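A short write-up of the structure that comes next.
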């Protein structure tokens, strides 16, 4: 199932690597990086494909039935920068290469001690030969772990101070998914990577899993009046379901709908809210720079807010203590 897509992306990445990256490394005397340049390009190709797919689907939806109309889209433009940086820039390259290298070391250590590195297929042999089902189960496990990371990020004042940069956006669109503080991204990356290593996500499926999950997450942030119906909203996170999580009255520790892809986790742990509402988004408790500043102003404002909350004994900000 995944081999043809990976082969296509590998051909494209290899061509760009040979035509542009290797000559550039040679020109600047950096050929020590040549062994890794193909991996860099492959991750960038995956990210670029995901970005194009996301835009092709989400932009027409937002034009079709927008929830809000904005006179100025300056805040959205900053989110575009976040998205490009997170999907095609150095962030995905670094995270993928770190995950790959750690996986090589960990698997080598396990093999050296006479054990077989665990994967879902070895633990659950009936998944052998069922790549689609295995893919879905990997995604479910990763999303379940991320549910708890996300929920915990709303439970502690310092952690939410970082995560609040994501919630500060009052002009939420499909570009808003990657609007995160770098420290919060670091925590999420380590969390995701550790779980991925623990369940033995195959290197081939890792970027595909990221691409699938990121697409659903971008769609869920879209400025569009859209639900997937009674059943669909309980199978995949829809824009309506996730907008309630971002609602102005649901900020901080009183939030809900923490799942990024599969609402089953909110249903199981009692945090699901399927209200037919499209509330205004944002968090009035955060500094204004985190809502309307440029990229550097948002990052600095988030850091200052984080340090301030660490010195505080209060719980995570609950600026508007009622739910949307």
- line: A student applying the Cα gyration tensor rule (rounded when a/c is under 1.5; otherwise prolate if a/b is larger than b/c, oblate if not) would label segment 147-248 oblate
- request: Would you calculate, for the chain, the mean residue ellipticity at 222 nm contributed by helices, counting each DSSP H stretch of 4 or more residues as -39,500 (n - 2.57) and dividing by all residues, to the nearest 500?
  value: -19500 deg cm²/dmol
- prompt: For the pair residue 34 and residue 284, how long in nm is the line joining their label points, each one 7 Å along Cα→Cβ?
  reply: 6.1 nm
query: What FRET efficiency, computed as 1/(1 + (r/R0)^6) with R0 = 51 Å and r the Cβ-Cβ distance, is obtained for residue 123 and residue 71, rounded to the nearest 0.05?
result: 0.40
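Give me the extension gain from residue 199 to residue 235: residue separation times 0.36 nm, minus the current Cα-Cα distance, reported in nm with one decimal.
10.7 nm
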field: Taking the chain and dividing mean pair separation by its residue count, relative contact order in percent (alpha carbons under 8 Å, at least six apart)
entry: 21 percent
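On alpha-carbon atoms, Rg over Rh for segment 2-57 using Kirkwood Rh?
Values: Rg = 12.8 Å, Rh = 12.0 Å.
Here Rg/Rh amounts to 1.07.
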- request: Measure nothing but the geometry: give the 0 to 90° angle between the long axis through the Cα atoms of 182-198 and the longest principal axis through the Cα atoms of the chain, rounded to 10°.
  value: 50 degrees
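With r as the distance between the Cβ atoms of residue 148 and residue 312 and R0 = 22 Å, compute the FRET efficiency 1/(1 + (r/R0)^6) and round to 0.05. Walk me through the numbers on the way to the answer.
On the way: r = 24 Å, r/R0 = 1.08.
Rounded to the nearest 0.05, the efficiency is 0.40.
What is the gain in length, in nm to one decimal, between residue 113 and residue 136 on full extension, counting 0.36 nm per residue of separation less the C-alpha to C-alpha distance?
Working: separation 23, 0.36 × 23 = 8.28 nm, distance 3.08 nm.
Answer, rounded to one decimal: 5.2 nm.
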query: Which three lengths, in whole Å and largest first, does the chain cover when its Cα atoms are put on their principal axes?
result: 53, 50, 46
- request: Report the full-extension gain for the segment residue 277 to residue 296: residue separation times 0.36 nm, less the Cα-Cα distance, to one decimal in nm.
  value: 3.5 nm
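Values in this text are rule-based calculations from the coordinates and carry no lab data. Just so it is clear, the model here is predicted, and its values are computed rather than measured. Neighbour counts are summed over all protein chains in view; Cβ atoms, including those assigned to glycine, are modelled from backbone coordinates with ideal geometry.
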